[in-house]
């Protein structure tokens, strides 16, 4: 099961990179939480870009065989949560990311380098 989560996370990161996401953080939380195996946290520069990242994730992940469980925040476009079960993606506008700073909550998570 965990390898499927890793494949999903890598696919999502690839999609987000294609959409020019900034400051991509991939956090392995499987040992510290039952919520999910991975959190992906990214920043977009505008609500249009943030919504485009969400749309691309939904479309391309589904094409890859991964089912979307839940999505929140699309209308506002300042913080969109995209939940694929094994991975949860947070797409933030810069101001919201700085304000909520959810990385601090997951300080014990293992961060995976995505800059390869």
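The values are calculated or read from the model by the stated rules, or taken from the named source; none is laboratory data. A quick note: this is a predicted structure, and the numbers were derived from the prediction, not measured. Counting neighbours? That spans all protein chains shown, and the Cβs are built from the backbone with ideal geometry, glycine included.
Observations on the structure shown:
- Residue list for the stretch 28-51, filter: part of a helix (DSSP H, G or I) and touching a strand residue (DSSP E or B) at 6+ places or on another chain (Cβ under 8 Å): 47, 50, 51
- The one condition in (1) surrounded by fewer than 21 Cβ atoms within 10 Å (Cβ to Cβ); (2) free of Cβ contacts under 8 Å to residues at least 60 places away in the same chain; (3) more than 16 Å from residue 92 (Cβ to Cβ) that residue 29 fails to fulfil: (2)
- Where residue 61 falls short, out of the listed (1) outside any helix (DSSP H, G or I); (2) farther than 17 Å from residue 114 by Cα; (3) at pLDDT 95 or above: (1)
- Failed condition for residue 82, given (1) at pLDDT below 95; (2) under 14 Å from the mean Cα position of the chain (by Cα); (3) under 19 Å from residue 37 (Cα atoms): (1)
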